[in-house]
Amino acid sequence: MTPLSRVLCAVDIDERSNQVLDHALALARRHGAKLLILHAVSPLIAYSNGATERVDLLRRLRLRAEAVGVDVRVEVQQGPAEEIILLHAKARGVDLIVIGTSRRERRRGLSSWIAERVLRDAPCPTLVVPEGATEPTITTSVVCAVDFSSASPAVAEQALRLSDDGTRRVTLLHVSNGRDDTALGKLQMLIPSSKNGVVLAEVAGGRPAAEIVRVAREMKAQLLVIGAEHRSALGSRLFGKTAQLLRDAPCLVLAVPAVAAARGDMEDVPLAA
């Protein structure tokens, strides 16, 4: 299995930056990957505004990475955050983007809306670290939201890989706004016979984002795996309010681009220790 070679960690200049770096740093160390710490300065403010605070925080983040032997680079660029993140991800050929979100709608930096824009157009998987997600490794429960789009089989396959050692429980979840008597059977068809009894299939009804969050909370999930469609509603109709899902998720969210999933790139992104 080929390890990660480049991880991009997008940070804001606030208290969340250390938590987001924890996850990016854990992955970079595990894979011997290069780490790019990236901060986008809002185009709505002068570049010099808050420069002292920015330089100090980024220096401390860099020193943290260097202290554990990670090859790290820090970049600062002014412009819309989602555009800057995607620009660097594509130009540098990164294997994974790590980005944080906040439950607060109004804030000056990174938000669930920005994370949604990033993961929709990202050339690689995006690991979203919601506020309150503290564990940098996946050791117990995984929920995979499936909408039966073309990316669903590959996205489900990625979630199933996390059950290989038998310690992580995986649930394939489909949420329907109306009655769908075929949904459970479709989910079960995604489960290989070798994983029957190990991987669960569940169908829920209601508002997709709210139901996904509810199931993830009830199962004490550490990771939620979703599919990301390029410049379209994420996961088709399943994720009508993606920003709400990212904001309210009680755990890490791994968004797998449809193209990357189809290529099988996610074989190279083991998130569990």
Would you mind checking which residues have amide H under 5 Å from CYS9's amide H? H placed 1.01 Å from N; only 5 or more apart, or other chain. LEU36, ILE37, LEU38, VAL98
Spin-label point model (7 Å from Cα, Cβ direction): what's the GLU75 to SER194 distance in nm? 3.9 nm
Formal net charge of residues neighbouring VAL7 (Cβ-Cβ distance under 9 Å; K, R +1; D, E -1): +1
Give me D for region 1-106 in µm² s⁻¹, whole number, from Stokes-Einstein with Rh from the Kirkwood sum over alpha-carbon pairs, 25 °C and 0.890 mPa s. 174 µm²/s
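Just so you know, all these numbers are worked out from the coordinates, no wet-lab data involved. In this text, all values refer to a predicted model and were calculated from it rather than measured experimentally. Here the Cβ is made from the backbone with ideal geometry for all residues, glycine too, and neighbour counts use every protein chain on show.
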